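Here is the structure we will look at, set down as C-alpha cells.
Please treat every number below as a calculation from the coordinates, not as lab data. These figures come from a predicted structure and were not determined experimentally.
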Amino acid sequence: MTAIDAATPLGRHRRTAAALALLAGGTLALTACGAGQISQTATQVAAVNGNSADVGDIQLRNVHVVYPNSEEYSIEPGGTVELGFTAINANPAVADELTGISSPEAQVTIVDEAEPGSTEIAPLTALGAGSPADTQLDDPLLPIQLIKVEMADISENVRPGLTLPVTFQFANAGDIVVNVPVDAGHELERSAEAVSEHSGGH
C-alpha cells in the first residue's frame with residue numbers, strides 16, 4: 001500500500017512537501033545559529049539611513065546630518081547643517097525631555113527651544129527633527145512633534161561618508177553619545193554625471 005501511494009501523483013506530492021518542510025526547517029535552524037553570532041550587528045543600519053541608539057526609555061532612530069538642500073545650509077567647513085533624528089519615548093506613563101545636544105565638531109542649537117514644551121516627549125510619543133522623510137516612524141499612528149536642530153560652524157570632519165560624535169541629553173534617560181553619519185546627498189550622482197559628460201566629450 002505504501003509503495004502504491006508513493007508511486008501516485010498524490011504520494012509524490014506528499015513526499016515533495018515533506019522534503020520542502022525539512023529543507024525549510026534546516027534553513028531556519030542555520031539562520032537562527034547565524035543570528036546568534038551576529039546579534040551585535042543586527043541593529044546596525046546603513047550610514048545613509050542614520051544611526052540608532054537607546055538610553056533608558058528613549059529610542060533614538062535615524063540620527064544623521066542632513067545633506068543641505070537649500071542655500072540656507074552648507075556642508076563646507078564653517079557652514080551650517082541640520083540634524084535629523086527621531087526620539088521615541090517608550091515609557092507608557094512618564095514624560096521625558098530633550099535638554100540639550102552637543103558635538104565637538106559643531107555648535108548645536110535646538111532652534112525651537114524658545115517655545116515652552118517643544119522638547120518634551122510625552123509617554124508613547126516621539127520628537128523629530130529634519131524633513132518629514134527623516135522622521136517617518138514604523139508606527140504611523142504614534143504622535144510625533146517636530147523641531148528644528150541646527151549644527152553651525154561645522155568642522156572639516158563633517159563630510160559626506162564620515163561620522164561625528166553627537167551627545168543627546170535627556171532629563172530622565174540621561175546622556176548618550178551617538179556616532180552620527182553625514183548624508184551623501186546627490187554628490188555621488190553629480191560626480192557620475194560629470195564623468196559621463198567628460199567621457200562623451202572624447
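Quick notes
- Relative contact order of the stretch 75-136, pairs being alpha-carbon contacts under 8 Å that are 6 or more residues apart, as %: 48
- With the convex hull of the Cα atoms taken as the outline of the stretch 127-179, the averaged projected area works out to 5.1 nm².
- When only alpha carbons of the stretch 86-179 are considered, Rg and Dmax amount to 13.8, 42 Å.
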